[in-house]
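The values are calculated or read from the model by the stated rules, or taken from the named source; none is laboratory data. Fair warning: this is a prediction, and the values are worked out from it, not measured in the lab. Cβ atoms come from the backbone with ideal geometry, glycine included; neighbour counts cover every protein chain shown.
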Protein chains: 2
Amino acid sequence: MGKTIKIGLLGSGTVGSGVVEVLKKNVDEISQKSGTEIEIKKILVRDLKKKRPHLEGMELTDDINDILKDEDIDIIVELMGGLHPAREYMLRAMKAGKHVVTANKDVVAQFGKDMFGAAKENRVEFLFEASVGGGIPIITPLKESLTANRITEVMGIVNGTTNYMLTQMTNCGNDYETALREAQELGYAEANPAADVEGYDAARKVAILASLAFNTRVTLDDVSVEGITHITPQDIEYAKELGYVIKLLAIANDSEKGVDVRVHPAFLKKAHPLASVNDVFNAIFIKGNAIGEAMFYGQGAGSLPTASAVVADIITVAREIVKGIYAAVDCSAFQVKPFCPLEETESSYYIRLLVADQPGVLGTIATVFGDQGVSLKSVIQTQRVKDQAEIVVVTHHVYHKQLLKAEQVLLNLPVVTTISNVIRVETKKGEV
Amino acid sequence: MGKTIKIGLLGSGTVGSGVVEVLKKNVDEISQKSGTEIEIKKILVRDLKKKRPHLEGMELTDDINDILKDEDIDIIVELMGGLHPAREYMLRAMKAGKHVVTANKDVVAQFGKDMFGAAKENRVEFLFEASVGGGIPIITPLKESLTANRITEVMGIVNGTTNYMLTQMTNCGNDYETALREAQELGYAEANPAADVEGYDAARKVAILASLAFNTRVTLDDVSVEGITHITPQDIEYAKELGYVIKLLAIANDSEKGVDVRVHPAFLKKAHPLASVNDVFNAIFIKGNAIGEAMFYGQGAGSLPTASAVVADIITVAREIVKGIYAAVDCSAFQVKPFCPLEETESSYYIRLLVADQPGVLGTIATVFGDQGVSLKSVIQTQRVKDQAEIVVVTHHVYHKQLLKAEQVLLNLPVVTTISNVIRVETKKGEV
């Protein structure tokens with residue numbers, strides 16, 4: 001056994017506590033797999049006075065310099081979250097020659113380039129398996145196991161909060177507000193749920209996945225984002241009738257049209273492997289030109305699952321220290337690929353409209369779609385809503401810009417009261 | 001870019017051709033990810049005269065020494081299959097200082113210890129991602145991404161041939177012989193299908209997975225094996241009625257009773273993530289004390305998917321050569337855990353019996369089970385088969401030895417004509 005490897009832990013919240021617990025309860029296996037003992041030397045906390053019985057006997061500090069200037073510490077494990085000061089602390093740590101392990105999707109999605117640069121410059125590891133998919137191994141597989149592929153598609157359910165809410169809405173008929181309240185009561189959603197329900201959490205994760213999968217830099221700003229706040233029980237019901245479920249999907253495509261990365265709710269065929277991923281589970285589906293299709297499934301959040309990913313990264317670093325090697329995989333964004341503008345993306349769409357309940361309306365609407373080159377796959381159902389009629393249409397594959405144009409024209413028709421909702425339908429082009 | 005890395009390829013069959021194709025079509029990505037060019041220098045074939053248009057322009061040889069003694073060759077990629085001479089060639093290659101990448105589950109499951117020993121002794125890599133689950137990344141995740149866990153369970157569908165057959169039997173009502181013939185026509189089953197249908201292929205794979213997951217040596221001989229040859233359309237139908245599908249499962253448990261590794265068909269609840277893994281797809285489900293549950297899904301066989309795993313291993317080796325490091329993860333079987341004898345394993349069972357169609361028979365049979373301490377969950381259906389009655393019972397969790405005893409007593413009853421089938425039902429203990 002080599003010298004004990006010492007960790008400086010930044011943050012002692014849910015994931016931090018999980019890391020402490022996992023390192024403790026699996027201590028024998030972990031030291032055998034690492035070839036050395038691993039010890040948390042210091043923990044950065046915000047408030048030294050707060051009671052933390054689970055950290056009994058550990059050295060706490062509220063001064064980052066206590067940790068960054070401690071030459072005994074080999075690895076900084078950053079679990080504070082948020083952009084600042086997490087980014088600065090990690091950069092300083094690397095400059096001081098310390099390896100960094102983080103679960104911070106915000107920093108990786110926004111400042112990935114700087115972080116990888118700093119890691120390379122200082123010959124340290126910068127590992128972030130826990131930033132996407134909680135415990136699910138997906139970063140290492142992308143960096144090491146799927147390297148023989150040209151990956152063309154990544155599609156995933158990467159936000160547990162919204163997946164729990166949509167599952168509740170689907171299985172119990174709950175509306176959005178009820179589902180959100182339940183998720184909050186269970187601790188799955190924050191008091192301010194915006195980052196989850198508006199899709200930004202998923203967007204950060206898919207930016208990271210797309211960068212790794214397509215070998216080009218994708219940041220949060222490159223992701224088109226739409227959340228689930230507008231999904232109603234009616235939409236869920238129509239989806240069911242048509243043989244679909246609604247999921248918040250993180251999608252990234254790399255095609256001749258460019259790289260296209262987005263987060264939005266979508267109708268997904270019930271038979272699709274992602275359709276049965278329920279509650280807080282996450283899953284990531286990958287398509288590559290050698291492997292075909294592969295999927296990774298597991299718990300996308302939570303104290304111990306996320307700690308599983310963090311500690312795996314710690315072990316990876318420990319093994320390198322023990323062997324005296326620097327085995328970091330170079331930053332994989334070695335290409336600069338153009339993006340495909342959202343308007344040029346293609347999809348099938350579900351559109352729910354409220355219209356005047358009078359003869360000929362359906363014909364008028366169908367004509368508008370036709371004029372914009374939007375061919376309709378089906379008008380699945382109409383029903384009366386007070387003195388109006390509800391019409392639901394599903395289109396064949398059309399460009400997003402065609403859809404936008406058709407919407408505009410429809411809204412100007414006197415017979416159209418409102419477009420209640422528009423949701424993408426995940427089908428392959430030409431699929432019926 | 002460093003010096004070109006040269007490969008000696010042993011075998012030019014399905015997977016070998018896939019490796020040639022993948023290295024060619026993704027050449028740019030692969031060289032950027034490796035940091036160097038990768039080139040197949042020589043290919044060992046059995047018959048030099050056979051036409052191989054896809055290997056046009058490549059150097060073929062039928063003499064292993066041409067490859068093993070070529071000092072220019074850095075990596076041997078063994079895709080011949082079978083124990084011998086594959087094992088000997090790989091050992092010789094390692095002794096000659098060459099890294100080895102293989103898809104050979106037979107050798108890894110039977111001679112893993114020797115292979116890892118030789119690799120360590122000669123400071124070369126011995127990588128075998130393609131030996132289990134085709135393209136699905138599972139070996140690297142177990143060696144690197146799940147290391148923080150104490151893994152307690154591995155359950156997978158790891159044989160594509162039998163999964164295709166069972167899917168056909170379930171969806172089309174085909175009998176075993178028809179399903180086998182179809183699988184053979186499609187090239188999914190060999191002319192001699194024994195290794196697949198009798199479960200030995202799956203057994204080799206689960207031995208490898210269990211060794212990695214539980215950190216103890218598990219070889220083919222330690223696996224209890226039962227194939228699918230006795231599964232009939234009746235069993236499939238009863239399973240459906242009860243809300244199950246029948247799958248050939250590879251199961252490994254590590255509990256206080258010891259390590260228990262087996263392959264057998266089993267009833268699996270329709271809602272289980274593995275239940276919807278159909279056709280030639282494979283999936284591996286892992287339970288760990290930090291990650292909870294995780295699943296890896298993809299194509300378990302085929303030329304390109306398997307090549308995806310082989311080439312990923314090649315890239316791993318290439319990166320080490322380029323960096324001038326030796327980063328091999330030590331053999332993970334650092335513990336010696338006792339095995340749990342099959343008789344001591346517990347399961348719920350489905351039992352289909354043919355009995356005399358006379359009053360009181362059901363009572364007699366229930367009493368036999370009761371006498372052996374086997375509590376019945378349900379007697380799901382009886383129907384007449386000629387002048388006899390068919391009874392299907394499902395037991396609660398019982399020890400395998402209790403089941404065996406009950407079977408023995410039942411077969412001695414004059415009213416019992418035969419026990420038509422006994423199949424395990426995958427439920428958690430105490431689950432209703």
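Values for this structure:
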item: Restricting region A:1-57 to residues that are touching a His at 6+ places or on another chain (Cβ under 8 Å) and either more than 14 Å from every other protein chain (Cβ to nearest Cβ) or not hydroxyl-bearing (S, T, Y) (or both), the residue that is farthest from B:Q335 (Cα to Cα); result: A:V20
item: Residue ranges of helices (runs of 4 or more DSSP H) in region A:1-116 with at least 2 members among the aliphatic types (A, V, I, L, M) and closer than 29 Å to B:N215 by Cα; result: A:14-25, A:27-34
item: Every pair of residues 6+ apart whose Cβ atoms lie under 8 Å, when the first sits in region B:383-394 and is within 12 Å of B:T417 (Cα to Cα) while the second is part of a loop (DSSP other than H, G, I, E, B); result: B:D387/B:D357; B:Q388/B:D357; B:A389/B:D357
item: Residues (more than 7 Å from chain A (Cβ to nearest Cβ) and within 24 Å of the chain's Cα centre (by Cα)) located in region B:314-327; result: B:I314
item: Pairs, first of a type in the set (G, A, S) in region A:177-199, second assigned to a loop (DSSP other than H, G, I, E, B) and modelled with pLDDT under 95, C-beta under 7 Å, six or more apart; result: A:A183/A:A189
item: Tally of residues being facing another protein chain (nearest Cβ under 8 Å) and under 14 Å from the mean Cα position of the chain (by Cα) across region A:284-313; result: 4
item: Residue list for region B:312-371, filter: touching a residue at least 40 places away in the same chain (Cβ under 8 Å) and of a type in the set (S, T, Y); result: B:T316, B:Y326, B:S332, B:T345, B:S347, B:S348, B:Y349, B:Y350, B:T364
item: Those helices (runs of 4 or more DSSP H) lying entirely in region A:161-251 with at least 3 residues charged (D, E, K, R) and surrounded by fewer than 21 Cβ atoms within 10 Å (Cβ to Cβ); result: A:176-185, A:233-241
item: Selected residue (criterion: farthest from B:G227 (Cα to Cα)) from residues of region B:115-128 that are touching a strand residue (DSSP E or B) at 6+ places or on another chain (Cβ under 8 Å) and in contact (Cβ under 8 Å) with a residue 60 or more places away in the chain; result: B:V124
item: Residue among A:I325, A:I365, A:I391 that is of a type outside the set (G, A, S) and surrounded by fewer than 19 Cβ atoms within 10 Å (Cβ to Cβ); result: A:I325
item: Top-ranked residue in region B:27-71 [being among the polar types (S, T, N, Q) and without any contact (Cβ under 8 Å) to a residue 12 or more places away in the chain; ranked as surrounded by the most Cβ atoms within 10 Å (Cβ to Cβ)]; result: B:Q32
item: When residues of region A:336-366 are limited to those that are among the polar types (S, T, N, Q) and modelled with pLDDT under 95, the one nearest to B:T316 (Cα to Cα); result: A:T364
item: Selection status of B:T364, touching a Gly at 6+ places or on another chain (Cβ under 7 Å) and either within 30 Å of A:A283 (Cα to Cα) or more than 13 Å from chain A (Cβ to nearest Cβ) (or both); result: no
item: Residue check, A:H272 assigned to a loop (DSSP other than H, G, I, E, B) and in contact (Cβ under 8 Å) with a residue 12 or more places away in the chain; result: yes
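Okay, residues lined up against (1) within 14 Å of another protein chain (Cβ to nearest Cβ); (2) polar (S, T, N, Q):
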{"site": "A:N122", "(1), (2)": "no, yes"}
{"site": "A:S131", "(1), (2)": "yes, yes"}
{"site": "A:P137", "(1), (2)": "yes, no"}
{"site": "A:Y164", "(1), (2)": "no, no"}
